[in-house]
Amino acid sequence: MDEQLAQARAGNLAAFGTLVQAHKRSVYSLALRMLGQPDLAEDTAQEVFMQLHANLRSIESSEHLGFWLRRVTTHRVIDYLRQRPSVAITSLDEEAEQIGSVDSGDPLLQRQLRQLILGLSPDARAVVTLRFQEDLDPLDIARTLNMPINTVKSHLKRSLDLMRQRIGQSS
Amino acid sequence: MTDDLESKLRDALRPAAPRENFEERLMARIAAAQRDPVKRRGAFTPTPATWWFSAAMAATVILAVGVQHHRVDQENREKGLEARRQVMQALRVTNDKLDLAYRAVRDQSGAIGGDPGA
């Protein structure tokens, strides 16, 4: 991957395409889970990769590339959500009321959990998505979001408590 | 329960794939942006050269204001010193005149006081 990165930095568009291929699911899914809208998530992912292409020289390694993509994606989405609070930011209570009871069937439960995440604040959405989609530990999440680690832990605990409470209420 | 919820969250947040032509659309956008970099930027975004030019202009303005302020300050200080010098000069002249007057009065008093004994 570092070789592909070096070639992409040298201007090889095919090598850049390989990097996109390797990271597109992660970037798109981060945006999708935080925004809840596939079209918007795709636009965001495209913008992130456009930004990557313009900043390839600043990418030092494949690890740095993954960190950079997660950081830029989450910050872009958080900024977007803060500028347009009506997009999908609703309180967890409202969200839970909208979705009704949580079924015990797995596909439905997964959908309900994703809806519950969309009811969280932008920062909490990012924390939960990075934790359970990207499998980052709290320290890496803190670095990615430029956030104190105690704030990350607090977001995680409160979000899980709220989701557990909602699921428990509906079961 | 915690582990159960966390594993369910991992299932719910499994990465999803964008539409199939994602790369094609992206490459088309990059190619278009490379053909027309101004259009890609859309709004004005400063290049390093324009940033440095702006910073240099700002520094020049700040420096000019500082120099002007220093000059006005210096002029005021010189005016103050000149005024002080003039006051001191006036006091000195007044003092000399008073001294002369005092001597004249004293000499005159001495002359008057000396007559009876003559």
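No lab work stands behind these numbers, since they all come straight from the coordinates. On a predicted model such as this, the values are computed, not experimentally measured, just so you know. Here Cβ is always computed from backbone atoms with ideal geometry, including for glycine, and neighbour counts include all displayed protein chains.
Label-to-label distance, B:Leu100 versus A:Glu47, with points set 7 angstrom from Cα along the beta-carbon direction: 9.0 nm.
Name the residue farthest towards the positive end of the dipole of chain A from the options A:Leu19, A:Leu52, A:Ile141, assuming +1 on Cβ of Lys and Arg, -1 on Cβ of Asp and Glu, about the Cα centre. So the residue furthest toward the plus end is A:Ile141. In order along region A:125-138, the phi-based Karplus estimate (6.51 cos²θ - 1.76 cosθ + 1.60, θ = phi - 60°) of 3J(HN,Hα) comes to 4, 4, 4, 5, 5, 5, 6, 9, 8, 8, 6, 7, 7, x Hz; Gly and Pro are listed as x. Listed by chain and number, the lysines whose C-alpha is less than 17 Å from the C-alpha of B:Lys8, apart from same-chain residues fewer than 8 away, are A:Lys157. Evaluated at q = 0.16, 0.22, 0.24, 0.27 Å⁻¹, the base-10 log of the normalised Debye intensity for region B:45-118, with identical point scatterers placed on the Cα atoms, takes the values -0.80, -0.96, -1.01, -1.08. Mean silhouette area of the protein assembly as shown, derived from the convex hull of its C-alpha atoms and averaged over all directions, reads 31.6 nm². Backbone amide hydrogens, once placed in the peptide plane, bring B:Ala16 within less than 5 Å of A:Ser29, excluding anything fewer than 5 places away on its chain. Dividing the helix sum by the residues of chain A, where each DSSP H run of 4 or more adds -39500 (n - 2.57), gives a mean residue ellipticity at 222 nm of -25000 deg cm²/dmol.
Taking N as the number of residues in chain A, what is its alpha-carbon radius of gyration divided by 2.2 N^0.38 Å? Kindly include the intermediate steps, with their values, before the conclusion.
Working: Rg = 17.2 Å, N = 171, 2.2 N^0.38 = 15.5 Å.
After normalising by residue count via 2.2 N^0.38 Å, the value is 1.11.
Evaluated at q = 0.24 Å⁻¹, the base-10 log of the normalised Debye intensity for region A:132-171, with identical point scatterers placed on the Cα atoms, takes the values -0.77. Can you sort A:Ser58, A:Ser26, A:Ser154 by how many other beta carbons sit within 10 Å, fewest first? Fewest-to-most ranking of A:Ser58, A:Ser26, A:Ser154: A:Ser58, A:Ser154, A:Ser26. Residue by residue, region B:7-21 carries 3J(HN,Hα) couplings of 5, 5, 5, 4, 5, 5, 9, 4, x, 10, 9, x, 4, 4, 8 Hz when phi is fed to the Karplus relation 6.51 cos²θ - 1.76 cosθ + 1.60 (θ = phi - 60°); x denotes Gly or Pro. Relative to the Cα centre, the charge distribution of chain A, modelled as +1 at Lys and Arg Cβ and -1 at Asp and Glu Cβ, gives a dipole magnitude of about 260 debye.
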